[in-house]
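Here the structure comes first, spelled out in structure tokens, and everything after it is commentary.
The values are calculated or read from the model by the stated rules, or taken from the named source; none is laboratory data. Given the structure is predicted, the values throughout are model-derived calculations rather than measurements. Because the Cβ atoms are built from the backbone with ideal geometry, glycine has one as well, and the counts that use them run over all protein chains shown. Surface accessibility is based on the protein's heavy atoms, side chains included, excluding ligands, DNA and RNA. Shrake-Rupley method; radii C 1.70, N 1.55, O 1.52, S 1.80 Å.
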Amino acid sequence: MTVTLKDVATLAGVSVKTVSNVVNGYAFVKPENRRRVEEALAATGYRPNVGARNLRRGRTGFLALMVPELSIPYFGELAGLVITAARNRGWNVLIEQTQGTRSRERETLESLGPHLVDGALVHPEALEAADFPAAGEMPLVMLGEHSLDMAIDHVAIDNVLAAHTAVSHLASLGRRRIAAIGFNPARGTSSQRLAGYRSALAAAGLSYADELVAPAEKWHRAYGAAAMKSLLALPSPPDAVFCFNDLLAIGALRAVAERGLRVPEDVAIAGFDNNEESEFSLPSLTTIAPDKTALAEAAIDLVHRRITGDKTSPPQDIQTPFALEIRESTRGR
């Protein structure tokens, strides 16, 4: 027989409304009542009819997640964490990959609407403020660093401070020719990380030199290797390198090894993102580790609140934590 909310309420000794509040994830339930309802739910095997519930609410039950590239481990890991956080709130997630181009990002945003999703998490690379829908049309949360002059909910780490932290670590090792790999003016995050790189150099009393900033059209391993080779060909090559993500750093490690140089003895290398590969590379990679779980949960919490009733409070700008994971590529084995 189909188990109903009334069956669960009778077993738990609470009202049907209390059971409904627990099932729908509302916070205002007494801890003891929540415990009894959760035990009754488990005992009865109750499963909500999500489709019917969303239809009654006038919702689709879906959120969109828009990211540049799932082949970059950071975005793949983030997508998995967003899916988990959304499922805990009763949402399913549709994922769109944009390749970081303005045209594709704009097309994706325009395709989203109340007929398809109830809200969206957007990690743009090239969008401008004019590309976003009018305020109130659909709940949106922006992920990642941005410099757009607009009012929008936003969740990110402090990319400037994180880059500053990584470069300061390299300077603390006594390195004086610290290069950077990954600058691309088309990527908003790139400018933030370059700013952190420059501020750390200044704080350490080191001069900024254009020749030590190697661009990268894409943040992939091959581009990191090519950039590292160009830096090693300089008359005065670097003794340390800060890479704007871990894939670039893995490529840089390869290029250094091919030259017969040692990491970190000859060149210390630091990355950004703390993907799984960074822990198992040889040598293991020092990297900035964003708290991706906290970022995913904060973003889902924001969009959930907007969808379920909080439509008028000012946009929130949430900064989630990060840490510097010091490994063999800077400390040695």
Test for Ala186: is it aliphatic (A, V, I, L, M) and without any contact (Cβ under 8 Å) to a residue 60 or more places away in the chain: no
Mind counting the residues in segment 72-123 that are more than 16 Å from the chain's Cα centre (by Cα), farther than 20 Å from Ile152 by Cβ and in a helix (DSSP H, G or I)? 3
How many of the residues in segment 109-151 are open to solvent by 50 Å² or more (accessible area, probe 1.4 Å) and hydrophobic (A, V, I, L, M, F, W, C)? 6
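Could you tell me how many of the residues in segment 261-286 are among the hydrophobic types (A, V, I, L, M, F, W, C) and either open to solvent by 10 Å² or more (accessible area, probe 1.4 Å) or assigned to a loop (DSSP other than H, G, I, E, B) (or both)? Spell out the reasoning first.
Of all residues in segment 261-286, those among the hydrophobic types (A, V, I, L, M, F, W, C) come to 261, 263, 267-270, 272, 280, 282, 285.
If we keep only those that are either open to solvent by 10 Å² or more (accessible area, probe 1.4 Å) or assigned to a loop (DSSP other than H, G, I, E, B) (or both) as well, we get 261, 263, 267, 280, 282, 285.
Number of matching residues: 6.
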Filter segment 286-333 for residues that are touching a Leu at 6+ places or on another chain (Cβ under 6 Å) and of a type in the set (Ser, Thr, Tyr); which is nearest to Val267 (Cα to Cα)? Ser329
Within segment 1-44, how many residues turn out to be within 19 Å of Asn88 (Cβ to Cβ) and either among the hydroxyl-bearing types (Ser, Thr, Tyr) or open to solvent by 30 Å² or more (accessible area, probe 1.4 Å) (or both)? 13
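Residues that are modelled with pLDDT under 90 and out of contact with any helix residue (DSSP H, G or I) (no Cβ under 9 Å at 6 or more places or on another chain): which helices (runs of 4 or more DSSP H) entirely in segment 1-61 hold 1 or more of them?
Numbers: elements: 5-12, 16-23, 31-44, 50-57.
Counting at least 1 such residues, we get 31-44, 50-57.
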Those residues of segment 292-333 which are crowded, with 21+ Cβ neighbours inside 10 Å and in a strand (DSSP E or B), in sequence order: Phe322
Just give me the residues in segment 62-84 being closer than 12 Å to Asn275 by Cβ, out of contact with any strand residue (DSSP E or B) (no Cβ under 9 Å at 6 or more places or on another chain) and open to solvent by 50 Å² or more (accessible area, probe 1.4 Å), in sequence order. Glu77
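Could you tell me whether Ala289 is closer than 18 Å to Ile72 by Cβ, touching a residue at least 12 places away in the same chain (Cβ under 8 Å) and assigned to a helix (DSSP H, G or I)?
On the way: closer than 18 Å to Ile72 by Cβ: yes; touching a residue at least 12 places away in the same chain (Cβ under 8 Å): yes; assigned to a helix (DSSP H, G or I): no.
The answer is no for Ala289.
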Taking the criterion of being within 20 Å of His304 (Cα to Cα) and either without any contact (Cβ under 8 Å) to a residue 12 or more places away in the chain or within 36 Å of the chain's Cα centre (by Cα) (or both), would at least one residue in segment 34-42 satisfy it? no
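If you scan segment 12-36, which residues turn out to be within 23 Å of Arg87 (Cβ to Cβ) and among the polar types (S, T, N, Q)? Spell out the reasoning first.
Looking only at segment 12-36, we keep the residues that are within 23 Å of Arg87 (Cβ to Cβ), and these are 18-29, 31, 34-35.
Matches in segment 12-36: Thr18, Ser20, Asn21, Asn24.
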